[in-house]
Each structure stands twice: as C-alpha cells, then as structure tokens.
Amino acid sequence: MAATILMTDPEFYEVSYTINPWMRPDQWSQDVAAAQALARHQWTNLKSKLEQDGITVLTMPGAAGLPDLVFPANAAIVLDGKALLARFRYPQRQGEEACFLKYFTQLKDQGIIQSVAPFPEGLYQEGAGDCLWDVTRSLFWAGWGPRSDRRAMDHVVGHFGKKVVGLELTSEKYYHLDTCFSVLSGGEILYYPEAFSWESRIVLEELVPPSQRIVATAEEAAAFSVNAVNVGRKLFLSSPPDSLVAKLRDKDYECVPLDLSMFVISGGGAFCLTLRLDRVSVANPAVV
Ligand code: ARG
C-alpha cells in the first residue's frame, strides 16, 4: 500500500503527568521496566503491521523529558507536502515543538516534505490530532475546545487555502478530534456523537449522509478504536469490540486489531502514534 507514515521511537515514553483523564502515572510507575518493555512491544507491533501492508514508516528519535513525543499525530497538519507545525496548549508538551521543527526541517532537506511553517504564537493547535483532511468532501474537519483554539481554524484556511469545518469537542475524555472521529477512505465518517456539542453534531450530519455515518458506541470509543489508522480498506486500531468489527465489515473494511493498552493509559491509540506524511488534497487512486 502506498503510504508514508511517521512514528516516534518510544525510548523516552512514559506516563509521568496528567493532562487528560486517561493518563495513569500511578499505573505506569508500578513497574517501570515492565511498562517500558510492554510499550515498546506494542509500538513495534503497530509498526510491523503497517510495514507488512507495504506502508513506509519513518521513525524519528524520542527525547528525554518529552514522553508524549511518541504521539506524532500532534506534530503538524500535513497536506500536499506542506507541514504546518503545532502549538501545544500544555507546558508539558511545548518542548516538543522544537523537536518536531528540527525533524521536519530534515524531512524538507530530504525532499520528503516541501515546506515547513510554524503556527503563529499565541494560537493553540495540536496538529492532525485536531485537524483531519477529508478527500471525499475536500475539506478539513477541525476539532476545537480542550486543546486547539477555534481561532486557529482561520490560520489553517489561510495556509492551505482549503475549507475548514469546525467541530466543538465538549467532553474532557475526547479532547482531540482523532479520539472520537475518523475519516475513512470510502468517505464514511466513524464517530462518537456524544463527544460533540449538539450544534457540531448538526453540522456533521448535514455534511455526511446517514449512509456514510458509522456511529461508535461509548464502549467502542473508550477502547480507543475510533482512533484508527485507515489505509485503503484496512483499519489498524486498538482493541475493537466485535460490534465495531461487524459494523466496519458491513462497509467492506477489514480491522487489524492491536493491543495498545500502554498508550491508552496516556490517552492515545493507533492514530495518535502516527502521522501520515503523503496525504494529498485531490483523490489519487494510487495514494489511499
Ligand atoms: N498524553 C497525550 C496528550 O494528552 C496523548 C496524545 C494523544 N494524541 C492524539 N492525537 N489524540 O496530549
């Protein structure tokens, strides 16, 4: 499958602070060596499953003291070779901005990315975690509320020259759009409605006809299964309940289930652990 995905080596990953309700430093610290080993095992399994499917995975190094660098979905919004780098809301993650700038500058030098620009200071926007390209509708879906600012959407419009549809996230648990919303290659939207304000649910339902809505239950969302990496007809996702596997099968999608429990205790699933670098705005049958 033609796709290029970025991941971050989990060497310095840990759960040492709490900036979302899933984070469990107490659980991590029970047996740090075992936790680190299991996290690496789960991360490596995700990487191998992607590679077995022919996906190219680039790995950037981790950095001491920046455990959430392991979630590159938050690094940037990337479309048509342009990377717009994130600004993090919490001080615990702000040090990641310099690491991502350094790495993306290297990607540009290597010709993998064409341009790299930072978000203006004073606006919070946490990358693809809160801004997902929808090739079917030719627009970005942008989550705002707990992490990214609503005002950040104007800058995305200006930078990429694309339409941006904002969705307000109203629950602390589903603090990034990618935790409760996923755009699938066939144009379907997999989402957990309770995570959104009612106004945003109306906006979403006006743009996505019922036949293209796949509604996740509370159980499916809490397993971090909505936080899926979709390439072609496959979804790589954290422990999907049978109910979700069946719903996706009905729409002709195949699930590749993964145990990502050590990342779920930081509030992340498969999508958070990755960043697609080769997404293009115009549908291309060779790039899915
Ligand atoms: N502990 C991280 C945080 O709270 C998890 C980030 C997960 N990433 C994502 N794209 N949802 O920021």
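The values are calculated or read from the model by the stated rules, or taken from the named source; none is laboratory data. Predicted model, so just to flag it, every value in this text is computed and none were measured. No Cβ is skipped: glycine too gets one built from the backbone with ideal geometry, and neighbour counts run over all protein chains shown.
Data for the structure
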| quantity | calculated |
| --- | --- |
| Matching residues, the range 40-85, being within 18 Å of the chain's Cα centre (by Cα) and among the small types (Gly, Ala, Ser) | Gly62, Ala73, Ala75, Ala76, Gly81, Ala83 |
| Hits in the range 1-34 - residues which are surrounded by fewer than 19 Cβ atoms within 10 Å (Cβ to Cβ), within 16 Å of the ligand (Cβ to nearest atom), assigned to a helix (DSSP H, G or I) and in contact (Cβ under 8 Å) with a residue 40 or more places away in the chain | Phe12, Gln27 |
| The range 204-216: number of residues that are surrounded by fewer than 17 Cβ atoms within 10 Å (Cβ to Cβ) and either farther than 18 Å from Gly232 by Cα or polar (S, T, N, Q) (or both) | 8 |
| Among the residues listed as Gly268, Gly158, the single one being more than 16 Å from the ligand (Cβ to nearest atom) and either surrounded by fewer than 23 Cβ atoms within 10 Å (Cβ to Cβ) or not in a strand (DSSP E or B) (or both) | Gly158 |
| Residue in the range 152-163 that is among the charged types (D, E, K, R), touching a residue at least 12 places away in the same chain (Cβ under 8 Å) and within 19 Å of Asn20 (Cβ to Cβ) present | no |
| Close pairs from the range 111-131: first buried (at least 24 other Cβ atoms within 10 Å of the Cβ), partner at pLDDT below 95, Cβ under 7 Å, at least 6 apart | none |
| Enumeration of residues in the range 237-258 that are closer than 18 Å to Gly129 by Cβ and surrounded by fewer than 24 Cβ atoms within 10 Å (Cβ to Cβ) | none |
| Test: residue in the range 83-102 that is loosely packed, with under 14 Cβ neighbours inside 10 Å, closer than 30 Å to Gly232 by Cβ and away from the ligand (no atom under 16 Å from the Cβ) | no |
| Of the criteria (1) within 16 Å of the ligand (Cβ to nearest atom); (2) free of Cβ contacts under 8 Å to residues at least 60 places away in the same chain; (3) under 24 Å from Phe12 (Cα atoms); (4) not hydrophobic (A, V, I, L, M, F, W, C), which one Thr105 fails | (1) |
| Criterion violated by Phe119 - all others in (1) over 23 Å from Val208 (Cβ atoms); (2) among the hydrophobic types (A, V, I, L, M, F, W, C); (3) away from the ligand (no atom under 16 Å from the Cβ) satisfied | (3) |
| In the range 170-191, the residues that are surrounded by 17 or more Cβ atoms within 10 Å (Cβ to Cβ), over 12 Å from Ala221 (Cβ atoms) and within 16 Å of the ligand (Cβ to nearest atom) | Tyr175, His176, Leu177, Val183 |
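A quick yes/no check of all residues on (1) more than 15 Å from the ligand (Cβ to nearest atom); (2) outside any helix (DSSP H, G or I); (3) not aromatic (Phe, Trp, Tyr):
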| site | (1), (2), (3) |
| --- | --- |
| Ser243 | yes, no, yes |
| Lys247 | yes, no, yes |
| Pro257 | yes, yes, yes |
| Phe263 | no, no, no |
| Val280 | yes, yes, yes |
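Yes/no per residue for (1) among the polar types (S, T, N, Q); (2) touching a helix residue (DSSP H, G or I) at 6+ places or on another chain (Cβ under 9 Å):
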position: Glu199; (1), (2): no, no
position: Val203; (1), (2): no, no
position: Gln212; (1), (2): yes, no
position: Glu219; (1), (2): no, yes
position: Ala228; (1), (2): no, yes
position: Asp259; (1), (2): no, yes
position: Phe263; (1), (2): no, yes
